[in-house]
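Engineer: Would you mind keeping the following structure in view while I ask a few things?
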Amino acid sequence: MPLHSITRAATLCLVVLANAATATELVYLPVNPSFGGYPANGPGLLASATATTKHKEDKGLGGSSFFDQSPLAQFNQTLERTVLSQLASAATSKLQGPDGKLVPGTFSTANFTITVADLGGGMLRITTTDRSTGTTTTFEVAQ
């Protein structure tokens, strides 16, 4: 091997080792001010997020939120929910024993059938069936 090849190889090794010697550890600098970043980044990040969002505000079931409705419509909606709550309370009171625990059995209304089944081990399965469509909803609870 000629001498200039050895010199070149040694020089190349020194250059590579010199670069490795100047390397430092990586340091994380947060950008978001919520996580310790520079506070002036906040408005820019918010503007970027607002410009790229595809989320549309959901106006609820009636096409408008509760507070966008007239006071009369709000009152009617509240009244309807109160009546439905009282009906649900009446239905569950027939499913409860004197100790307040649910009693296995079936309760039927004009629109729904509610079945409470004892699964053992203190677990109950409650199945609600919509009588007009046949759709069922089932969940399990501890007694």
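The values are calculated or read from the model by the stated rules, or taken from the named source; none is laboratory data. Bear in mind the structure is a predicted one, so any value in this text is a computation, not a measurement. Here the Cβ positions follow ideal geometry from the backbone for every residue, glycine too, while neighbour counts run over all protein chains shown.
Engineer: Taking A51 as the residue in question, decide whether it is at pLDDT 75 or above, small (G, A, S), outside any loop (DSSP other than H, G, I, E, B) and loosely packed, with under 10 Cβ neighbours inside 10 Å.
Structural biologist: Details: at pLDDT 75 or above: yes; small (G, A, S): yes; outside any loop (DSSP other than H, G, I, E, B): yes; loosely packed, with under 10 Cβ neighbours inside 10 Å: yes.
The answer is yes for A51.
Engineer: When you go through (1) part of a loop (DSSP other than H, G, I, E, B); (2) surrounded by fewer than 11 Cβ atoms within 10 Å (Cβ to Cβ); (3) not hydrophobic (A, V, I, L, M, F, W, C) one by one for P43, which number turns out not to apply?
Structural biologist: (1)
Engineer: Taking the stretch 118-130 only, how many residues are more than 17 Å from L95 (Cβ to Cβ) and not acidic (D, E)? Walk me through how you get there before you give the answer.
Structural biologist: Narrowing the stretch 118-130 to residues more than 17 Å from L95 (Cβ to Cβ): 120-121, 130.
Within this subset, residues satisfying the condition of being not acidic (D, E) are 120-121.
Residues in the stretch 118-130 being more than 17 Å from L95 (Cβ to Cβ) and not acidic (D, E): 2 in total.
Engineer: Pairs, please: C-beta under 7 Å, at least 6 apart or cross-chain, first residue under 22 Å from T133 (Cβ atoms) and in the stretch 84-111, second surrounded by fewer than 13 Cβ atoms within 10 Å (Cβ to Cβ) and modelled with pLDDT under 75?
Structural biologist: If the second residue must be surrounded by fewer than 13 Cβ atoms within 10 Å (Cβ to Cβ) and modelled with pLDDT under 75, the pairs left are F107/K94.
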